[in-house]
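Participant: One structure is given below, represented as structure tokens, and several questions about it will come after.
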Amino acid sequence: MKLTPKEQIIEKNFKLGAITKDGFMGDDVRHVHDIIQHDAMTLEKLGISSGELAARMQFFIDLGKEAIENIVDWNEYTIQVIWSRGMLPCPFGEPRLHHKIFIELRNNKLNKSIRYTQLNVHLIREHGFFEGKGSPFRLEPEELVEVLSLDQ
Ligand SMILES: [Zn+2]
């Protein structure tokens, strides 16, 4: 596939060091669009929309934000949110910036933890993008659905 100049600029945003030190692709050699499409199929099988996922992810960020840096216990969850200074742009190139918010969310009933950022929530909600395999913030749709208890 031949990329337009705008697409080439956007493509660069996903690589190491452009927006974040590690980039968004990991060692995934697929095109961004193919990664999105594959994860969209997985979500469809799970019967969950990216909007529902993102809303649940945001819910936990908002819960944890109230107790910044401190641990919050809520039902079977343990939540810790860390809010760093500065803002990050989205690799898809819209002008809006995103807070550097990181959350560690532990589901004590399942004995499983996930970690994600405010930018992850945006990428999933607006772009259906879960990042490339091997990226430090790659999220697996199945795991998200399970840990966020959306499968009940
Ligand atoms: Zn975006």
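The values are calculated or read from the model by the stated rules, or taken from the named source; none is laboratory data. A quick note: this is a predicted structure, and the numbers were derived from the prediction, not measured. Here the Cβ is made from the backbone with ideal geometry for all residues, glycine too, and neighbour counts use every protein chain on show.
Participant: Which one of these is surrounded by 16 or more Cβ atoms within 10 Å (Cβ to Cβ) and farther than 22 Å from LYS21 by Cβ: ILE61, ILE36, ILE124?
Facilitator: Criteria check complete, one pass: ILE36.
Participant: Sticking with this structure for a sec: Identify, please: which residue in the range 93-128 is more than 20 Å from PRO141 (Cα to Cα) and part of a loop (DSSP other than H, G, I, E, B) and is, among those, farthest from the ligand (Cβ to nearest atom)?
Facilitator: Of everything passing the filter in the range 93-128, PRO95 is farthest from the ligand (Cβ to nearest atom).
Participant: Can you find a residue in the range 68-81 that is modelled with pLDDT of 95 or more, within 16 Å of the ligand (Cβ to nearest atom) and either closer than 17 Å to PHE129 by Cβ or assigned to a loop (DSSP other than H, G, I, E, B) (or both)?
Facilitator: no
Participant: Just to be sure before I move on: is VAL145 touching a helix residue (DSSP H, G or I) at 6+ places or on another chain (Cβ under 6 Å), within 15 Å of the ligand (Cβ to nearest atom) and outside any strand (DSSP E or B) in the structure I sent?
Facilitator: In short, no.
Participant: To continue, here is another question. What are the pairs with Cβ atoms under 8 angstrom where one residue, in the range 1-20, is within 16 Å of GLU94 (Cβ to Cβ) and among the small types (Gly, Ala, Ser) and the other, located anywhere, is at pLDDT 85 or above and assigned to a helix (DSSP H, G or I)? Sequence gap at least six, or different chains.
Facilitator: These pairs meet every condition: ALA18/LYS12.
Participant: Also, quick follow-up: What are the pairs with Cβ atoms under 8 angstrom where one residue, in the range 80-94, is closer than 26 Å to GLN8 by Cβ and the other, located anywhere, is among the acidic types (Asp, Glu) and near the ligand (Cβ under 7 Å from one of its atoms)? Sequence gap at least six, or different chains.
Facilitator: CYS90/GLU126; PHE92/GLU126
For (1) surrounded by fewer than 17 Cβ atoms within 10 Å (Cβ to Cβ); (2) at pLDDT 95 or above; (3) of a type in the set (Val, Ile, Thr); (4) part of a loop (DSSP other than H, G, I, E, B), each residue gets a yes or a no:
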{"residue": "LYS21", "(1), (2), (3), (4)": "yes, no, no, yes"}
{"residue": "PHE24", "(1), (2), (3), (4)": "no, yes, no, yes"}
{"residue": "ASP28", "(1), (2), (3), (4)": "no, yes, no, yes"}
{"residue": "THR42", "(1), (2), (3), (4)": "yes, yes, yes, no"}
{"residue": "LYS45", "(1), (2), (3), (4)": "yes, yes, no, no"}
{"residue": "ALA54", "(1), (2), (3), (4)": "no, yes, no, no"}
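Participant: Can you pull out the residues in the range 82-92 that are within 16 Å of the ligand (Cβ to nearest atom) and either assigned to a strand (DSSP E or B) or among the aromatic types (Phe, Trp, Tyr) (or both)?
Facilitator: MET87, LEU88, PRO89, PHE92
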